[in-house]
Structures are given as structure tokens and as C-alpha cells.
Amino acid sequence: MQYSDDKLKEILNRTKVVAVVGVSMNPVRPSYYVARYLSLKGYTVIPVNPGHAGKVLFGQEVRATLADCPKEVDMVDIFRRPDHVPPIVEEALEVLPALRTIWMQIGVVNEEAAAMAEARGVEVVMDRCPKIEYQRLFGELRMGGFNTGIISSKL
């Protein structure tokens, strides 16, 4: 799974509304801080988790399913085990007319779901994190691997 920097940057630039499937309400979970980061970068983040439906996260109501999401969702970011991905992609293709990208998080690879999406003209990114790619491609990661905002002479 090789993705050019230009392709990833294009996806991140064109995306406006992201449904994050499997988002957690726990701030130490990766799904929480990735969704929070994306919302701070100007994306509209629609949290999707049936266990927390009706609650509010990042100014948006948590939805139970993708069918409950606004039709403007153009990217679905999946924080679920690989074997759970095909039905998520099926639902996304069925209910999200503006869908342009399926993004599977680090460790999430499902070739069957990818083929299903690509057959419908939807781009797929697997085993990557949009937060990490955004930081890397838009100059937020520094030599130490992260930007703390603190200047120090200590090593």
C-alpha cells in the first residue's frame, strides 16, 4: 500500500466533512484525539459510535450509524477491526452520496472493502492515520517526530 504524498495531500485538502466510525469519548484513546485534531484543523467531524449516540463531541452530535450522518460526509475514517470494515463500507457507499474517500486507520487493512469502494469510484487509504499524514505533509512534524511548541536546548 503505497500512497504518494501528492495523493494524500490532495485527499486532505479536498476533504471537508469526516465521519469518524468507532470514535471514543475517552480523551486518551487514539480515535478521540485524531477526531479532535481534525476538528481543530477545520474539518467538520461527525462522531459515529452507537454506544454514545446522542451525546455531543467536538460540537457535533454522536451518531449511531453512518445513515444518521449528514449527506455531506465526504470521508469516512474507520477505527474498527479489519473484519468489521466491509459492512461499514457497504453502508457508507449506500447512504453517503458525497463520499469520496474511505480511510482505514493504522493497523486496519481490508482488501475486500477497499475493492468494493474502489469499484464505486471511491478512493481508499489503508493502514494510515490522517492526523499523522496531515502533520507530516503540512509541516507540523519536526525532526523529533512531533511539535511540542516548546523551545529547549535540552536533548
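Below are the figures for this structure:
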{"read-out": "Residue within region 101-119 that is of a type in the set (A, V, I, L, M), closer than 24 Å to Gly42 by Cα and open to solvent by 80 Å² or more (accessible area, probe 1.4 Å) present", "value": "yes"}
{"read-out": "In region 63-101, the residues that are of a type in the set (Asp, Glu) and in a strand (DSSP E or B)", "value": "Asp77"}
{"read-out": "Total residues in region 65-83, condition surrounded by 15 or more Cβ atoms within 10 Å (Cβ to Cβ) and within 16 Å of the chain's Cα centre (by Cα)", "value": "12"}
{"read-out": "Matching residues, region 85-100, being open to solvent by 10 Å² or more (accessible area, probe 1.4 Å) and free of Cβ contacts under 8 Å to residues at least 40 places away in the same chain", "value": "Pro86, Pro87, Glu90, Glu91, Leu93, Glu94, Val95, Pro97, Leu99"}
{"read-out": "Exclusive hit being under 19 Å from Met126 (Cα atoms) and either over 11 Å from the mean Cα position of the chain (by Cα) or surrounded by 15 or more Cβ atoms within 10 Å (Cβ to Cβ) (or both), set Thr15, Thr44", "value": "Thr15"}
{"read-out": "Residue check for Arg80: in contact with a Gly (Cβ under 9 Å, 6 or more places away or on another chain), charged (D, E, K, R) and over 16 Å from Val17 (Cα atoms)", "value": "yes"}
{"read-out": "Qualifying positions in region 120-132 - open to solvent by less than 60 Å² (accessible area, probe 1.4 Å) and outside any loop (DSSP other than H, G, I, E, B)", "value": "Glu123, Val124, Val125, Pro130, Lys131"}
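The values are calculated or read from the model by the stated rules, or taken from the named source; none is laboratory data. If you're wondering where the values come from, they're calculated on a predicted model, not measured in any experiment. With ideal geometry, Cβ positions are generated from the backbone for all residues, glycine too; neighbour counts draw on all protein chains shown. Side chains included, ligands, DNA and RNA excluded: accessible areas come from the protein's heavy atoms. Shrake-Rupley method; radii C 1.70, N 1.55, O 1.52, S 1.80 Å.
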